[in-house]
Each structure stands twice: as structure tokens, then as C-alpha cells.
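The values are calculated or read from the model by the stated rules, or taken from the named source; none is laboratory data. Bear in mind that the values here come from a model prediction, so they are computed numbers and not experimental data. In this analysis, Cβ positions are derived from the backbone assuming ideal geometry, glycine residues included, and neighbour counts consider all displayed protein chains.
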Amino acid sequence: MRVPLSWLREYVATDATTEEIAARLAISTCEVERIIRQGVADDDGNLGLFRVGRVVEAGKHPNADRLQLCRVDVGEREPRQIVCGAWNFGEGATVAVALPGAVLPGGQRLEEVTLRGESSSGMILSEQELELGTDHTGILVLDDGPEPGTPLIDVLPLSDEVLELETTPNRPDLLSVYGIAREVAAIFGGELAPIPGTDPERARDEPVDVRIEDLERCPRYLGRTFTEVRISSSPPWLKARLTAAGMRPISNVVDATNYAMHALCSPLHAFDRTKLAEGRIVVRRAKPNEEIRTLDGSLRALTPDDLVIADAERPVAIAGIMGGEESEVTEETTDVLLEAANFEPVGIQKSSERLGMRSDASNRWEKGIDPYVAEDAARLCSQLFAELAGARWVGESDVRGELPTRPTIKLRPARTSALLGLEVAEDEQRRILESLRFEVGGDWNVTVPTWRARDVTRDVDLVEEVGRMKLEDVPFTLPARREMFGRLAPEQRHRRVVEDVLTGLGFYEVYTPSLVADDPHPNAHRIPQPQSLDQAVLRTTLLPSLIEAARHNLDVGNEGIALFEIAHVYLPNGELPTERIRVGGIVEGPYPRAKGAVETVLAAGQIEASYERGDHELMHPGKTATTPYGIVGELLPGILEGAWSAFELDLDALEWSEGWTYEDVISYPPVKQDLAFAVPEEVLAGELIEAAHQTVPELREMTPFDVYRGEQVGPGRKSIAFRVEFRSPERTLTDGEAAGLRQSIVDALKAKFGAELRA
Amino acid sequence: LDAEAYRQEALAAVEATSNAGELDEARVRYLGRKSELKQALREVRDRETGMALNAAREAIEQALAARQTDLERTELDRALTEETVDITLPGDAQPRGHLHLITQIRREVEDIFLGMGYEVVEGREVETSRYLFDALNMPPNHPTRSPLHTFYLNGDVVLRTETSPAQVHTMEEREPPIYMVSLGRCYRRDTPDPTHYPIFHQVEGLVVDDNITLADLKGTLQHLLRSLFGEERETRFATHYFPFTEPSIEAYVSCFLCDGAGCRVCKQSGWIEIGGAGMVDPNVFDFVGYDPEKVTGFAFGWGLERMGLLRHGLPDIRALWENDLRLLEQF
């Protein structure tokens, strides 16, 4: 929403500067994106270099067929020689001139130049060059009134400031200059002008044939008819305002509808009445297979979900979105039907979305426009039709369903203060609400103005109205607490431990997308209409994403790659997937690299784990283990260059030891020994260890430190060397006792695995 | 033997030694088994001579010990001087990993709120529209409900567009008071660009208690913003609109780059928009069965990526998902 300050100040009297207005609106009303300086810069006397000029002589440039050589009186002793590229004027024309040194709206500084051998000391300006419109086909020819040398600013609105606002969807009333003026008046206490617009004299009282078939989608249709309309271009002030407001001037009639919409919010549309079959307006749903060519030249296929404005035969506009080409106002138009209607937001939104069409009008209707404003907009537009196009108002019809009533809400002023945490005096609350045009009764029954009726329906909504005007006065406090204690839940603490252990091991934490191109799980949840094929499936495993992240780092030449991620996975389970938190890791190096990381993580939580041979589609079948918590293994060769290993554990499943008790490991030192067993190749070290522990409770540690294969153990066998510790919690073991325990292990492993003690 | 002359000769000899070998020679010569002193001691007959000889022996032993200490110290000094290394050469490489920037911010935010006595609540990412939209007072035609903005899995199963459903679950499960934050992934159909990615992280905060005020919300958010962006920062709050809060506000922090003067980061305004907040809408309380006449509350939901990008001057949000070690190791 763009609000030219010159327009705004027409509706509200305030001494506040543009910057002050912007700053306060930003706090109390809506976001202010920026302040735009529109038109000619008003500093360093720049405006004084723009003058009214009269062309005293004009002819072809002697050295250039496409240029005119002019002598222009700009109120100086001698006329100036100016070279001009336009031909839409001649001797005697009154024009806008910029003198050398002037800075044009685009920032360009005008210099005295020589063009094809002729000097040019100034520039005759087009309206586009002055940002007064979009016409650049010729220069701007002025009315003959003003004397040469008159400052141009006295004749044209050369310079303005524009507020660019970002309003919230609950405040369609702010999509109007008058609505912003109402806020400014409330904020600064300035006087708000009456709603602009005065009806012209009504020449006749002809009926206008308006029928509404769908009062839900169109609760009101006010049609006015005009004759003797003379279509022309709009005067400079109107073009300047529309241009500053971000709209393109088209013709006096169309500009008048846009001006009234921008002033008062309610969109309007003008039809060439002679193009309407039987001069009739029917507001109805489109029929199957109906189509319409809209103003933008496109042929649009309609459905019965679309609301249209039709004449006696066919659609002439898509209601609230865009008019039709056939009934468009053209230069030949003399009879106009002005539509000032009201449309329900949801239907407009759906049609606009389905048709892929958005317009200034649909953007407003979608937010829900006050149906009572239609008549105000019609009044202002009618006044402009009469003033700008000499139109005669000859008929009116106002068809309406039941229009919403104004809510009345009981406000408790004490609750306002309580909710804001700021004592706001009752008088002040009343003043604020009344300045926003709420009617406040003596009993604090507050009646909401029509343009806020959708948004303000409860007392808390009124509290917000008061609060937004006092936001900067609200102090900074903290809740006065009754109870509650801040602490992480055990699983949240554990997660941090895992993160810290892995970063301590040199792993980098990564974040990879939880939506992936594909997933090994056949029933993984798919997004029916993904945004991109890369992000189409909710993953059930982190490993493929980690491999991708590792590959990316390899590709860019990084070294020492060790990555981990903690994230949700989504396991198919009916409608809602089961979400689990997983930790996954990938590291350059063979199986023991990843397994070492897993062991360290588990050790941090004193978590027991056993490892069994496992299989996984991404992992080496001989170098993969499953644990009760997940998987660890070496990646299949070829997935990434070199040897890589990876793991993925279910964080929620980890059984952390909590509150374990002290064990005396100091008073009675252990007996340490090295033992080596020769076993068949398929026997796992873990199996030997588990069996030994089961046999001898005093066995505290049994850690493999070497594996040997070769002549001394023979084919098909291997030797595993262990570091063994025996310890009793009650006394120091004698050498003899230790030897006995050792023998028990030797016997047990021999019996179970055919293990032979070596050396 | 003249004990005194012997003593003086020995002490002079000891003093004259310049290394451990010479010292050993002196020891053998003056105190060894064949030394004049030892021989004299063996032959001593009277007590007086014995005492004199023993005194000389003790003096020589002390001198030898003292000289030995001196020589060792000298030797050590020499060795230390010779063993100098280039102390600017790098130390042995130690593995050092890094937490992702988002995790670091997540922890900071968690710790700020833990310090104020809040709990951290986990939430699911796949939700039903009941918890994502209905409970949050989103009207049926609210644009966020459109499949153009939200990922639908099927029917009314959606990927959460904000962390707010965690609030609703918490309120459904227990009675006030509630002081909670919830942090996690959210999803929106945004086309990736420097400030958007379809997956992002939010921190959601909710307080419900007796007499919670807008002032409490301002104070809490100011504490959060100053903790994250610097104690000297100023904050500003502007009116806004969200279906689930009333009144609603948007929080701004004074630009930490230009300190409010206007620069590229704050788009010349001096203020940086951080995110939305407000007093919990009575309709949300109605949904979970709380009485809005008895309790009030506030809520906010802010993007973690945005905080990270702003605070560290990172120009492109997509870099956070590329996981290049060269970027990760900067944090």
C-alpha cells in the first residue's frame, strides 16, 4: 500500500513530519517498508530550475531529421535554445522545462550540451520524466494559463513523499489513504476530514436493472449510470497521485475508479453501458463452459464456482477480480455504468487462486471489505466523473442482502490495564477508541465501526486497540512466578552429551534435509505434491543423507571428514508416522573408526552393548554389526572413494545408566595378565569375551589387543590376544587364585569354541 | 697430617673442578680409601687428632656436595640453553569437531530460558491440521492452510509450519502454570533463496499463568534479544496480526552492526525484525479447556536460522544445509 503524503495530508491535519508519521505508524498501525521520494528532489534549490516555458520558435534541427530545434521563453531576457526529440507540440505551446543543473527524478543531472552541432540549454519534459505519469510518447503540453518563467511547482505536483506500507490481513481498512489518515488522526490527535466525495447533481432518475442471484457471495451491488461522458486523459494532479500510489493512469473514467478505490478502499468498476446486453447487470455464478476475455487480453475458462457480473446474455466481468474486454471503457464510450459492490472474501480468494489472477481489487476483496463503504466510494467516483469527464448522473440502483450489523462489546477498562501490564486511565482508553471511531457508551458498551466489524468482536480485540496506541509505554517486566523449575529432561541432557562426545572425537555436526529424493523403506511417507523431486519423501534413515554430505565435502576437496547428525526419522505407522530421534555418523576410515566412535558414545552413558553380525544395503556384509540401538559398519566399496565407516543409533532407545553406585577399584588392585587363544576363523572375539565373563565373575576386563593369522596357528584359524584383569571387590587376589580363574576360562573356551591357549 | 692444611688444599682442589669427572677425581684423592686423610684416620691414636681429622673430612664432604650441586646446575643450564625449539611451530594436531551453528543457537536459547525457569518440550514434526491450524484459531480460509504454503501428507496430516502445536499438546496435557520453550524443525513450501529454505527451525515459547501481561512478554523478549545480540541492544515492539495471539506484536532489535545508524543489515532503518509474539488468544485457551478469565499468557515463535544469519553475517541460509567443513569450522 503506497500512500502519497500530499494525499494523506488532505484528509488529516497534523504538524508531524513524514518521518514522525512513519515512525508512529510503524509501532501502532502497520509496517512501514520505506519512505519514497517521488518526483523532483526538493533540495539545493533544485525545484527552482523547473519552469513553465513557452515555445516561441520550433523547427527541424538543421543536422537531424528526428530532432526539433526550439527557442523557449522561460521568463528570462532571451529565450533559450533547446533541442527536443518530440514532435507533439509547436510554436506557442506551453511546456515544462528543466534548466541546466537541474536534477531529474531519476537522479540524472542536466548539463548544457551540444546536439548535432546545436547547443541545447535545457530540456522540455515528458510526464514520465517528471514521474507524473507513464506517458513518454511526447512532451507534456500544459494549459496556456501560466506565464513563462512561472515555477513549475506552482502548476504541477512535482514533488511528493510516499509511504510504502505493509498492512496485515485483518486490516483491509488500511488499504486506503483515508484509512491511514484515520490512524494518523488517532495517533497524533489531528483532525480528520469528513469522508471525501460529494454527489453531483442527479440529472434524471432512470432505473438501473441490477439483479443479484447469489447474495452470499455478493451482499451488495450499487450501480450508477452516467451519460454524456467524455473520455480523455486525466489532469496532471490525478495522474501524479495515481503514479505516486503505484498505479498506471489510463483515462479519466478508469482513473477516477482507481482513485476512489485507493482513497476509500472499496474497489469500483466502470462498464461501457452500451456494451451490456439490455443494459442489465446480473450477479451470478458462471455457467459450465462459459468463458470471458478479460482486460489483460486472456481468454478465461470459468466454472460454476466463479462469481461473474453478467449482462442479459454473458459474463462481462469476473466479479471482484477483473473486468471483461468487451465491456471495457474506451475512447468512444459515452455511457457508463459504475459498479460499487461488495464481494465475500473466500469466493474471491478461491477464484483468484484457481484462475491465477490477482488484481488490486481482488487483493482487497480477499481481506473482507466493509459493504457500507461502497456508497462512499461511489459518491467520490461520481464527483470525479462529473468534474473530469462532464458526466451526467442519470440513474441508480442499490441492491443488497442483509448487511452485517456493528458488534457491541462490553469493555472492562481494568482488564485492559491488567492484560497490558500498564495502567491506562479510563479517559485515555475512551479517547483512543473514540479517535478510532468506536462509539463508547457510558456503561463501556463499545460499538465497533463497520470497517472493523470482522476484526473486532471481543473485549480482547478492544484491548489491542488501546494497547497498540500505548505499546511504547508498556514497561519491561518478567512474570511473577508461582512455581515451575527450569531443567532439561534426561533425554535432552543425553542428547547434549552425545553431541559433545562426538565433537570431542573430531566429528562435525551437519544438518541435512529430512525430505529426501528416495528412501530404502518401501512405505516411507511421501509428499503427494512435492516442491522438488529432491525433497519428496520423509526419511526413515539418516545414512544416505550423511553419505551425501560426505560426498559433497570430498568433492570440494575437504580432508579429515567426520560428520554426525541428530535428527528425527519418520517410520511408517498408519496415518501419522512414528518419529524417532537418531544419531548418525560417517567417518573416513575402516570399520573400527566408526565402531570406536560408537563405543565412546556408549561409554559416556555407561551403556552396555553387544555386537552381532548385521547386514545393511549400504554396508560391507563382513564388516557390519547390529546393536540393540542401531547399526555400525563399513560402507560398501565404491559408495565413496576410499574406506568409509558409518553408524546410526536410536537416541531414544539408549539405556543410560543413571545414579549408579560407587565401586571400590582402588583398595584391591587387579591381577593383570595377557592370554592368547587360537580359535577357528569364524569365532568372534566378542563371543569369547562373553563366555569368559559368564564363567568367571572376577574377570573385570578382557580386551583384545592383537589378532594373528599364520603358520603358527595353521590354516582356517586365528589367534586373538587379550589383556585380562581379575579383581575381587573384597580382597587382593593371590597369584594362585588368579591362576585358577585363568584356568577356568581356558577350560570353558576350549570346551565351547575349541580354543587353544597359546604361549 | 696437618688437618688444616689438608682441608684447605682439598677445598681449593674441589673449587677448581669444572665437571663431574674432575669432581670424582678430587673425591678419590682427598676422601678415598687410599687418601692421606683416610690413612691418617686409621692410624689416629688420640682423641684430639681424631676430632681434627674428622672435622676436615666433614668440611671436605660438604664442599664436594656443594660443588656437585653447582656443577649439576651449570650442566642443566647448558643443556636447557642448547635444547631451545621454535615455539611458533604448530602443536600436535588434536581432533576438534564443531557443533552446527543451529545447534549452538538452539543451546543458547534453551539455556536462556532454563535460566528463567522454563522447560524444554519436544514436539513432533508431522502433525494433524487440528493441532497446527484449528487449535491456533486459524480461520478456514487462512492462506497458511493452503497446500500452496503447507506440505500435506494426506488428508489432514501436515508437516508443521511452526512449532506451535507443541504448545497445544502441552496445554492439553496439563494445567497452568506453564513456562515452556520448544525448538525444532518446521516446513513451508518456500522456494529456496538466500533467506528461505523449505526446512527451517523455530523456537516457540509459551507462558500461561495468573496475571501474565504484555509487559511480561516485552521484558522476556528483551532479555532473550539482549542475551543473543548483546546487553547494550535496544528493543522495539510494533503492533502486528496473528490468529493465535491478541494483542500481537513484532519484535525488533537495534542493529548490532551500525548500532542504529542505518546500514545494509538493517536496510537503513536501524532496526532488525526478529519475529512475532503476542498474548495468547482466548480462542486458543478455549480449545484446550483453559478459562481465559482465570489465566492469561504469552507466546512467541522465532526462526533460529534468522538469528544465526543476522548475528554472524552469513549471507545465504542455504549454506547451513550444505555442511561444508570450511563453513562449519567457523562456528
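General observations
- Taking the criterion of being more than 30 Å from the chain's Cα centre (by Cα), crowded, with 22+ Cβ neighbours inside 10 Å and polar (S, T, N, Q), the residues of segment A:251-280 that qualify are A:N252, A:T257.
- Within the set A:D305, A:D311, A:D255, the sole residue that is charged (D, E, K, R) and at pLDDT 95 or above turns out to be A:D255.
- Conditions (1) more than 22 Å from A:Y508 (Cβ to Cβ); (2) in contact with a Leu (Cβ under 9 Å, 6 or more places away or on another chain); (3) in a helix (DSSP H, G or I): number failed by B:R124: (3)
- 1 or more residues among the β-branched types (V, I, T) and at the interface with another protein chain (Cβ under 10 Å from one of its Cβ atoms): qualifying helices (runs of 4 or more DSSP H) within segment A:405-511: A:459-469, A:490-504
- If you check A:P479, A:P404, A:P413 for being over 22 Å from B:E293 (Cβ atoms) and not charged (D, E, K, R), only one passes: A:P404.
- Matching option when the condition is buried (at least 18 other Cβ atoms within 10 Å of the Cβ), among the charged types (D, E, K, R) and over 31 Å from the mean Cα position of the chain (by Cα), among B:D216, B:D209: B:D209
- Criterion violated by A:V329 - all others in (1) crowded, with 23+ Cβ neighbours inside 10 Å; (2) in a helix (DSSP H, G or I); (3) touching a residue at least 60 places away in the same chain (Cβ under 8 Å) satisfied: (2)
- Considering the conditions (1) surrounded by fewer than 19 Cβ atoms within 10 Å (Cβ to Cβ); (2) within 28 Å of the chain's Cα centre (by Cα); (3) farther than 30 Å from B:L148 by Cα, A:A517 is excluded by exactly one of them, (3).
- Boolean, A:D360 is closer than 20 Å to A:A245 by Cβ and of a type in the set (D, E): yes
- Selection status of B:L37, more than 30 Å from A:G504 (Cβ to Cβ), assigned to a helix (DSSP H, G or I) and at pLDDT below 90: yes
- Checking A:G630 against (1) exposed (fewer than 13 other Cβ atoms within 10 Å of the Cβ); (2) at positive phi, the condition it does not meet: (1)
- Residue in segment B:240-257 that is closer than 30 Å to B:P140 by Cβ, under 28 Å from the mean Cα position of the chain (by Cα) and in contact (Cβ under 8 Å) with a residue 40 or more places away in the chain present: yes
- Residue check for A:P530: free of Cβ contacts under 8 Å to residues at least 40 places away in the same chain and either in a helix (DSSP H, G or I) or crowded, with 16+ Cβ neighbours inside 10 Å (or both): yes
- Looking across segment A:29-47, the residues that are over 25 Å from A:L125 (Cβ atoms) and not aliphatic (A, V, I, L, M) come down to A:T29, A:C30, A:E31, A:E33, A:R34.
- For segment B:187-206, filtered to residues that are outside any loop (DSSP other than H, G, I, E, B) and facing chain A (nearest Cβ under 9 Å), the residue that is surrounded by the most Cβ atoms within 10 Å (Cβ to Cβ) is B:Y187.
- Qualifying residue in segment B:70-82 (condition: in contact (Cβ under 8 Å) with a residue 40 or more places away in the chain and within 38 Å of the chain's Cα centre (by Cα)): no
- Pick from segment A:513-523, criterion in a loop (DSSP other than H, G, I, E, B) and more than 7 Å from chain B (Cβ to nearest Cβ), ranking: nearest to B:L304 (Cα to Cα): A:A517
- So A:R248, is it more than 25 Å from A:G133 (Cα to Cα) and surrounded by fewer than 23 Cβ atoms within 10 Å (Cβ to Cβ): no
- For segment A:549-560, filtering for residues that are facing chain B (nearest Cβ under 9 Å) and without any contact (Cβ under 8 Å) to a residue 12 or more places away in the chain leaves 5.
- The number of residues in segment A:277-295 being within 21 Å of A:T257 (Cα to Cα) and in contact (Cβ under 8 Å) with a residue 40 or more places away in the chain comes to 6.
- Filter result for the condition that a residue is at the interface with another protein chain (Cβ under 10 Å from one of its Cβ atoms), within 23 Å of B:P198 (Cβ to Cβ) and assigned to a helix (DSSP H, G or I), over A:L546, A:L563: A:L546
- Enumeration of residues in segment A:430-453 that are closer than 18 Å to A:V474 by Cβ and under 34 Å from the mean Cα position of the chain (by Cα): A:I432, A:L433
- Any chance B:T88 is surrounded by 10 or more Cβ atoms within 10 Å (Cβ to Cβ), free of Cβ contacts under 8 Å to residues at least 60 places away in the same chain and either under 30 Å from B:L325 (Cβ atoms) or under 35 Å from the mean Cα position of the chain (by Cα) (or both): no
- Residues that are within 14 Å of chain B (Cβ to nearest Cβ) and in contact with a Lys or Arg (Cβ under 9 Å, 6 or more places away or on another chain) number at least 1 in the following strands (runs of 3 or more DSSP E) confined to segment A:1-119: A:31-39.
- Flag if B:T163 is assigned to a loop (DSSP other than H, G, I, E, B) and under 20 Å from B:F300 (Cβ atoms): yes
- Filtered residues of segment A:376-414 (kept if of a type in the set (D, E, K, R) and surrounded by 19 or more Cβ atoms within 10 Å (Cβ to Cβ)): A:D376, A:R379, A:E396
Table: residues versus (1) more than 12 Å from chain A (Cβ to nearest Cβ); (2) modelled with pLDDT of 95 or more; (3) touching an Asp or Glu at 6+ places or on another chain (Cβ under 8 Å).
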position	(1), (2), (3)
B:L71	yes, no, no
B:V85	yes, no, no
B:A93	no, no, no
B:L99	no, yes, yes
B:Q104	no, yes, no
B:I112	no, yes, no
B:S146	no, no, yes
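- Being surrounded by 15 or more Cβ atoms within 10 Å (Cβ to Cβ), over 19 Å from A:I27 (Cβ atoms) and free of Cβ contacts under 8 Å to residues at least 40 places away in the same chain is a property that A:P449 lacks.
- For B:C266, the conditions (1) surrounded by fewer than 24 Cβ atoms within 10 Å (Cβ to Cβ); (2) of a type outside the set (D, E); (3) within 17 Å of A:P479 (Cβ to Cβ); (4) within 28 Å of the chain's Cα centre (by Cα) are fulfilled apart from (3).
- Verdict on A:D376 being out of contact with any Phe, Trp or Tyr (no Cβ under 6 Å at 6 or more places or on another chain), part of a helix (DSSP H, G or I) and more than 24 Å from A:I231 (Cβ to Cβ): yes
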